[in-house]
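The next block holds one structure in the form of structure tokens; read it before the comments.
The values are calculated or read from the model by the stated rules, or taken from the named source; none is laboratory data. In this text, all values refer to a predicted model and were calculated from it rather than measured experimentally. Here the Cβ positions follow ideal geometry from the backbone for every residue, glycine too, while neighbour counts run over all protein chains shown. These accessible areas exclude ligands, DNA and RNA; they are computed on the full protein's heavy atoms, side chains included. Shrake-Rupley method; radii C 1.70, N 1.55, O 1.52, S 1.80 Å.
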Amino acid sequence: MMPVISLNQVEKRYVSGSVITEVLKGVTFSVLPGELVSIMGPSGAGKSTLLYILGCLAYPSAGQYKLDGVDVGTLPDVALSRLRNEKLGFVFQSFHLIPQYTALENVLLPTVYSKGSRKEKKQLTDRAKELLDLVGLSERYHYLPGELSGGQRQRVAIARALMNNPEVILADEPTGNLDSRQSVEIVALLRELNERGRTIILVTHDPEVGRQARRLITIRDGVIQSDEPCS
Amino acid sequence: MFLKILKLSLRDSLKHPLFTILMMIGVVVSIFSMTTIVAIGDGTKMEIVKVLQGFGFGGDVMMVAAGGGRLFRHRPSNVKTLTLADAEALRQFPFVVDVAPRQGIRRYPIHYMGRSFKTRILGVTPSYLKVGKYAIDMGQALNQRDLRDHLKVCLLGKTVAKELFPKDMAAALGQFIQIGKFFFRVKGILAEKGQLGRFDMDDRILIPLTTCSTLFIRDTYIHAISVKLTDAKNIATYQKLVKAFLRKRHHLLPTQPDDFRVVTSLDVVRIVNQSSRELTRLLVRIMIISLLVSGIIITNVMLAAISERRVEIGIKRALGASRRAILIQFLFEAIWLSLLGSLIGVGAGVLVAYFLRNMIPVSLSLHPLYLAVGFGFLVGTVSGAFPAYRAGQVDPIRAILGGRR
Ligand SMILES: Nc1ncnc2c1ncn2[C@@H]1O[C@H](COP(=O)(O)OP(=O)(O)OP(=O)(O)O)[C@@H](O)[C@H]1O
Ligand SMILES: [Mg+2]
């Protein structure tokens, strides 16, 4: 099976003035379709940096990153944006819903940047509603994020990540702002999505959460320290 | 996708009403003031033309006024340069049909049976009625005998007649009204000439020129001569001839300026055009300034809005918005808000002009609308370009990770 994600000696450094910060120092791994991978490691290890490179929001400084067989490092902004829109779904620690939009509008947001006309608007709205139903928010279509609990907001964010039917879902500490009961629910939801075939990569600090994955990558100081299946 | 982004930008600006209003304010105020200025300026121009025509300034009339200098300047009425003999001498020109010399006093008190009023007193000859196209509504016109005998008779304008004889104007005929200290017999009432803006052509009393000279002006020098010409075509030539003629009669040396003015309808048109050019120039200046000011307002409010909406931009980028998509959204937001502001400004301006139409002359036309659309588009594009570019450059990762970076 062809990996959906494959990294080869990926490096990332930030240069600000004379200060050069080496964040990733040669990371190599690949992810097959349908995997559930968690990335753990101490604060400052470069987990988020790695995830946002995977998410095509930053170019690697060196090395090669192939998403679905396409070398991302050579793509211009517009093409990269299309990749994000079509192949990737993001879930963030602080949810990052747009506060002025209702749950439904938030879920529909990725479709604005998709190809295709607005003719299928009804279809899209139906799909967004289905996704909200799927994450257990069938009663909350028209709620603003401010009117939802943290767990509910993260559910909306997950529905939004699923909207364009992406290859991979990238989650940066999705349970970081949630209490333990809500965390359990969100992780269960992600596992359920994975069981239905969705590839998921999640960064977490919480060993409880990390252990729920099928594969655990630990990084430290910008290099992979261990990469092993979970029990 | 382009359309969807445009639609999104409409929706987003409605979801940030404060920024939206702040962004529009400059444009609204600019366009509003411009619309009212244009309406009042055009109205005034039309009014000036109307008033001057009302003076009897048809193309075939020229006016010789006492005193030199600029054409339309009020000056004291004691300029002693123009005589009745000057007026009569003008008749020798073959192109002169008639001459109507006059003296005038502005706002002179008149009384009748305890009623008082102030009006314009004009000392005229019978020719004045013909040249100025006055008709007699009731009673009789002035004649040569009135003039020869310095009779204290008068013709009342409709406004004066109504003021002094509110119940029955016809009763005025034969009555004696008091002009200053003197009693004048009302000989006739002039037909209505109508209101020309703020200038009431019926607010006047005509008396024999000779009577005016002896009782009020106490001098025979006249203030102005209306000259009726055979045709309007060669008026510029006639004007030159009359000027040269009067300079000679007044024994002016080549170094001396004219001590009279010859005004024709051409001068009137020229003056009106000149004043409208000045207005246009003023308008252009105001436009440039307000263009700058509203542009600066839009740019700054937008920059503030963008730093406020950084996270939103980061999220949209993560969900698949390219830099270009973000740029387009914000640029379009600037343009459509600036257009909307312009339209609101035009609307408000037209509304105000409409309410003012009875107080001051205004002209309502479509011009401000075109101006506003162009202005709105220009200001929106130019002032939105830089902030929109900045919005496109927002680093999505920093925005998403927020305070942590
Ligand atoms: N834009 C940047 N410029 C300079 N240094 C940066 C930049 N972004 C990240 N870094 C540095 O890179 C290192 C890794 O950051 P990163 O956010 O990837 O760590 P992390 O593993 O996600 O940590 P945490 O667990 O706290 O989220 C940090 O030391 C950080 O200071
Ligand atoms: Mg992190």
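Scanning the range A:63-71 for any residue that is farther than 24 Å from A:Gly34 by Cβ and open to solvent by 10 Å² or more (accessible area, probe 1.4 Å) turns up at least one such residue.
Of the helices (runs of 4 or more DSSP H) contained entirely in the range B:126-192, those carrying at least 2 residues that are open to solvent by 50 Å² or more (accessible area, probe 1.4 Å) fall at B:144-148, B:158-164. Considering each residue of the range A:8-24 in turn, none proves to be open to solvent by less than 40 Å² (accessible area, probe 1.4 Å), under 16 Å from A:Ile169 (Cβ atoms) and within 14 Å of ligand 2 (Cβ to nearest atom). The single condition among (1) in contact (Cβ under 8 Å) with a residue 24 or more places away in the chain; (2) within 11 Å of chain A (Cβ to nearest Cβ); (3) open to solvent by less than 70 Å² (accessible area, probe 1.4 Å) that B:Gly320 does not satisfy is (1). Only a single criterion out of (1) more than 14 Å from chain A (Cβ to nearest Cβ); (2) in contact with a helix residue (DSSP H, G or I) (Cβ under 7 Å, 6 or more places away or on another chain) is not satisfied by B:Arg310, namely (1).
Would you call B:Ser276 of a type in the set (Ser, Thr, Tyr) and crowded, with 22+ Cβ neighbours inside 10 Å? Don't jump to the end; show me each part of the working.
On the way: of a type in the set (Ser, Thr, Tyr): yes; crowded, with 22+ Cβ neighbours inside 10 Å: no.
Spelling it out, it is not the case that B:Ser276 is of a type in the set (Ser, Thr, Tyr) and crowded, with 22+ Cβ neighbours inside 10 Å.
Picking from residues in the range B:373-405 that are away from ligand 1 (no atom under 12 Å from the Cβ) and of a type in the set (A, V, I, L, M), the one that is nearest to the other protein chains (Cβ to nearest Cβ) is B:Val394.
A single member of A:Ser48, A:Ser6, A:Ser30 is part of a strand (DSSP E or B), of a type outside the set (Val, Ile, Thr), in contact (Cβ under 8 Å) with a residue 60 or more places away in the chain and within 30 Å of A:Lys115 (Cα to Cα), and it is A:Ser6. A:Ala103 passes every criterion in (1) open to solvent by 10 Å² or more (accessible area, probe 1.4 Å); (2) more than 16 Å from ligand 2 (Cβ to nearest atom); (3) more than 17 Å from the chain's Cα centre (by Cα); (4) without any contact (Cβ under 8 Å) to a residue 60 or more places away in the chain apart from (1).
Within the range A:84-97, the set of residues being within 12 Å of B:Ala318 (Cβ to Cβ) and either charged (D, E, K, R) or facing chain B (nearest Cβ under 7 Å) (or both) comprises A:Arg84, A:Asn85, A:Phe90, A:Phe92, A:His96.
Restricting attention to the range A:38-48, and to residues there that are within 16 Å of A:Val91 (Cα to Cα) and more than 8 Å from ligand 2 (Cβ to nearest atom), which single residue is surrounded by the fewest Cβ atoms within 10 Å (Cβ to Cβ)? It would help to see each step written out before you state the result.
Initial filter on the range A:38-48 (within 16 Å of A:Val91 (Cα to Cα)): A:38-39, A:47-48.
When the remaining residues are screened for being more than 8 Å from ligand 2 (Cβ to nearest atom), the result is A:38-39.
Details: A:Ser38: 25, A:Ile39: 27.
Looking at the filtered set, the residue picked out is A:Ser38.
Of the conditions (1) out of contact with any strand residue (DSSP E or B) (no Cβ under 9 Å at 6 or more places or on another chain); (2) away from chain B (no Cβ under 11 Å); (3) open to solvent by 60 Å² or more (accessible area, probe 1.4 Å); (4) part of a loop (DSSP other than H, G, I, E, B), A:Tyr59 fails just one. Which one is it? A:Tyr59 satisfies all of (1) out of contact with any strand residue (DSSP E or B) (no Cβ under 9 Å at 6 or more places or on another chain); (2) away from chain B (no Cβ under 11 Å); (3) open to solvent by 60 Å² or more (accessible area, probe 1.4 Å); (4) part of a loop (DSSP other than H, G, I, E, B) except (1). Given the structure, is B:Phe199 open to solvent by 30 Å² or more (accessible area, probe 1.4 Å) and more than 34 Å from the chain's Cα centre (by Cα)? Criteria not met by B:Phe199.
Determine whether B:Val362 is modelled with pLDDT of 90 or more and either open to solvent by less than 40 Å² (accessible area, probe 1.4 Å) or within 16 Å of ligand 2 (Cβ to nearest atom) (or both). No: the conditions fail for B:Val362.
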